[in-house]
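Working notes, structure below.
The values are calculated or read from the model by the stated rules, or taken from the named source; none is laboratory data. The structure displayed is predicted, hence computed values, not measured ones. Cβ sites come from the backbone with ideal geometry, for glycine too, and all protein chains shown count toward neighbours. The area values use the complete protein model at the heavy-atom level, side chains included, leaving out ligands, DNA and RNA. Shrake-Rupley method; radii C 1.70, N 1.55, O 1.52, S 1.80 Å.
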Number of protein chains: 2
Amino acid sequence: MNKSVGRLVSVLYRKNQVYLDIALSAYNITASEVAFITALYRKDGINQELLSQTLNIDKAATAKAIKSLETKGYVYRTKNASDRRANMIFISEYARSQKRGIYKELGKWTDFLTRDIEADKVETMFEVLNRMVEHLEKGFLPVWDDDEI
Amino acid sequence: MNKSVGRLVSVLYRKNQVYLDIALSAYNITASEVAFITALYRKDGINQELLSQTLNIDKAATAKAIKSLETKGYVYRTKNASDRRANMIFISEYARSQKRGIYKELGKWTDFLTRDIEADKVETMFEVLNRMVEHLEKGFLPVWDDDEI
DNA sequence: AGGAGATAGTTGAATTGTCAACTAATTTCG
DNA sequence: CGAAATTAGTTGACAATTCAACTATCTCCT
């Protein structure tokens, strides 16, 4: 058994992109954009900064994705009146109308991946993945040069 | 608990890249290159096609990574005499001399991620990730338009 | 033998995400 | 109050990866 988190996660990430780009092409959204959409289905009206934190993604990537989703009619933005630096991002009616179909495609992917694997083991995998992500959120593994303090 | 393989794997993949790019900068290699190096530590003399299959990565990405690693002195290539299309890729002596240090950095990352998580759960996570990758290797989830066959 | 199709590798275009630099607005606090 | 630091967002440069098109070589048939 291969014990490299890096390799396994790399394969899953890249194939996930390829699969979802195809599966979601009918919805005119990409694998990277769907992460923003699902976050906003859960809670919209939040700003880009919070969205970036939620997804653990660079704010530049968020800016680009939201701009694209706005063009495609999935989200709209309004300036926050009490903090005019911030955009509030909302899911459009159109996006809501596509929700069920999009989740169906996401579900198919997870079902395919976890097919024939015991449910309790899958559960444990989710738990461990979540805890590893929590470690990342809490604080990065510090990297020092050997001769710096 | 978040049950999206996509989101979790995405965070782990991207942070892994950022961390390793820093941690391995002393070795003049990147996070993506180190995957090729470790595969070649395990078995070198193989061609790019097999390397691509082993890492589940596009052959174009392999070509570019190997070219870069060759420039950096980590690998060298010789034409396979019995199949002159194919390159045989070998780890250099220099690469071997860096092996221990590189694995140390990789180990620090895994240790950080799995810190304070029960060993048997980590084991189960590896098992499930491996089986999911096997599903990918066996065959892609087919995608059809609803009105095709 | 020799042509059709398969295989190994390379190259260039497009996409995604990071970082750094920047603008604009807000908060802090001397 | 008002300058300095912080925060939200944007933009442009760069790296990694995929796909498609291409070359070269090899294998399989008849």
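I want to confirm something. Restricting to the stretch A:77-109 and keeping residues that are surrounded by 16 or more Cβ atoms within 10 Å (Cβ to Cβ) and not hydrophobic (A, V, I, L, M, F, W, C), which single residue is nearest to B:Glu137 (Cα to Cα)? Going through the qualifying residues, I end up with A:Glu105.
Of the residues making up the stretch B:1-19, those that are more than 7 Å from chain A (Cβ to nearest Cβ) and more than 12 Å from the chain's Cα centre (by Cα) are B:Ser4, B:Arg14, B:Val18. Could we say that A:Phe90 is under 12 Å from the mean Cα position of the chain (by Cα), at pLDDT 95 or above and not acidic (Asp, Glu) here? No: the conditions fail for A:Phe90. Going by the structure shown, is A:Ala95 over 15 Å from the mean Cα position of the chain (by Cα) and not basic (Lys, Arg)? Taking the combined requirement at face value, the residue satisfies it. For the stretch B:110-129, the set of residues classified as under 19 Å from A:Glu137 (Cβ atoms), open to solvent by less than 30 Å² (accessible area, probe 1.4 Å) and assigned to a helix (DSSP H, G or I) consists of B:Phe112, B:Leu113, B:Thr114, B:Val122, B:Met125, listed by residue number.
Of B:Ile66, B:Ile89, all but one fail to be touching a Leu at 6+ places or on another chain (Cβ under 9 Å) and assigned to a strand (DSSP E or B); the exception is B:Ile89. Taking only the stretch B:11-39 into account, find how many residues are among the polar types (S, T, N, Q), more than 9 Å from DNA strand C (Cβ to nearest atom) and closer than 17 Å to B:Asp111 by Cα. Matching residues across the stretch B:11-39 total 1.
Name the residues in the stretch A:28-39 that are outside any loop (DSSP other than H, G, I, E, B) and open to solvent by less than 20 Å² (accessible area, probe 1.4 Å), would you? Give the derivation first.
Pass one, the stretch A:28-39, residues outside any loop (DSSP other than H, G, I, E, B): A:31-39.
Answer for the stretch A:28-39, where residues must be outside any loop (DSSP other than H, G, I, E, B) and open to solvent by less than 20 Å² (accessible area, probe 1.4 Å): A:Ala31, A:Glu33, A:Val34, A:Phe36, A:Ile37, A:Thr38, A:Ala39.
Being over 24 Å from A:Met1 (Cα atoms) and of a type in the set (Phe, Trp, Tyr), is that true of even one residue in the stretch B:67-84? Checked the stretch B:67-84: at least one residue is over 24 Å from A:Met1 (Cα atoms) and of a type in the set (Phe, Trp, Tyr). B:Arg42 satisfies every condition listed in (1) crowded, with 18+ Cβ neighbours inside 10 Å; (2) within 12 Å of chain A (Cβ to nearest Cβ); (3) not polar (S, T, N, Q) except (1). Here is the figure for the stretch A:54-76: residues that are surrounded by fewer than 14 Cβ atoms within 10 Å (Cβ to Cβ) and within 14 Å of another protein chain (Cβ to nearest Cβ) total 3.
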